[in-house]
1. Given 0.36 nm per residue, what is the gain on full extension from residue 389 to residue 363 after removing their alpha carbon distance, in nm?
2. Given a Förster distance of 41 angstrom, what is the FRET efficiency for residue 17 paired with residue 188, based on the Cβ-Cβ distance and rounded to 0.05?
3. If R₀ is 60 angstrom, what is the calculated FRET efficiency for the pair residue 310 and residue 31, using the beta carbon separation as r and rounding to 0.05?
4. Please say if region 121-221 is rounded, prolate or oblate, where rounded means a/c under 1.5 for a ≥ b ≥ c the square roots of the C-alpha gyration tensor eigenvalues, and otherwise the choice is prolate for a/b larger than b/c and oblate otherwise?
5. What is the extension gain from residue 67 to residue 177, computed as 0.36 nm multiplied by their sequence separation minus the C-alpha to C-alpha distance, in nm to one decimal?
6. Need one number: nm distance between label points at residue 419 and residue 370, each 7 Å from Cα along Cα→Cβ, rounded to one decimal.
7. For Cα pairs less than 8 Å apart in space and 6+ apart in sequence, what is the mean separation divided by the residue count of region 71-340, i.e. the relative contact order in percent?
8. Please report the antiparallel percentage of the DSSP beta bridges confined to region 71-340, to the nearest 5.
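Each reported figure results from applying straightforward, stated rules to the coordinates on display, with no laboratory input. Worth saying up front: this structure is predicted, and the values here are computed from it rather than measured. Note: ideal-geometry Cβ built from the backbone for every residue, glycine included; neighbour counts use all protein chains shown.
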Ligand code: PLP
């Protein structure tokens, strides 16, 4: 017998955790009744359904939209072959092909790929690689990571330790986290001349910190050019050049976390390209499979891979059960091929222009602190905390799904949105604000 929406929601609230939620004060959820193209079909809270453009790409993932025929077919083909095998002692074509494809498209020095099942785990692996690399080079005192304030790298323990320590998200765990080295947040704004005094002050501060603690630092980890869940905060590519230089001078490894920014989101295939900087280690996830399956990867240079492999212990001691899941590999390959078969850069540029035009009127509204757009990411920052429920509903009434947090209402739409859909997203957010 068909159950009512309210019955499903009651059962949900009795049994389920949702992201960043409490079971005693659950935040409201909507029941998904289907999804196709860029639209979600959701319960409307009154016994019917409502369609909404998914302006979040389900948290940066669904770049080609839902029920994409090419990606659907790739998963189905692989299901008909085999869905999963252990990766210890076994290998398969989808994993080999995907690893080769990733090496081909990612920054040049990256040659080796470790597959895992979430972004957080790919950051764990990156940090492990950096520590093991330093041990292999006789630097076993180098056990800390240098990072900047305002970052977000995931919710497991090593990533939590390099997230912003005071923005509240993980502050409860502070005592249990490895103490890392935090430099100041880069000055705000993607467009900044290299002789800008704020940039110079930031560069001097982080350089001083690195010099003073060099003998303790294994690597540097940052989200290149755009900090995501720490505040949707773009910064100048010149900062990455400073970090690359520090890494080279002091023997740190540069880890770039492109889990959110990878696969074109900021206008280049990888955000590091804005700076002309190559990392030693790269973390990717989210849009890797076009959002179809849970998969992430850590890529590294031959120097890193061989130093670790030739060092004490030899092996990299990590091996997730679902490592290189064949369904995920197959759909990731299809997603990358689909992306690169189109003029994706032109599409992202059009989305950028559309979001800039659509969100610009919000800048003059009372209570709005800032409006910013970088690539296919648009942000309205309010003067204080946003009422998440009210704002979500107000945007949804205008036909768009968003998930505001802190003082931010933001969008990173699927690349397959039409110009009209991008305009509708801008108008819905501006209207609701
Ligand atoms: N790093 C960045 C930059 C992210 O944006 C995220 C997720 O939002 C993560 C790491 C963690 O990824 P996951 O949620 O897949 O563990």
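1. 7.2 nm
2. Result of the calculation: an efficiency of 0.75.
3. About 0.65, to the nearest 0.05.
4. oblate
5. 35.6 nm
6. 3.0 nm
7. 30 percent.
8. 50 percent
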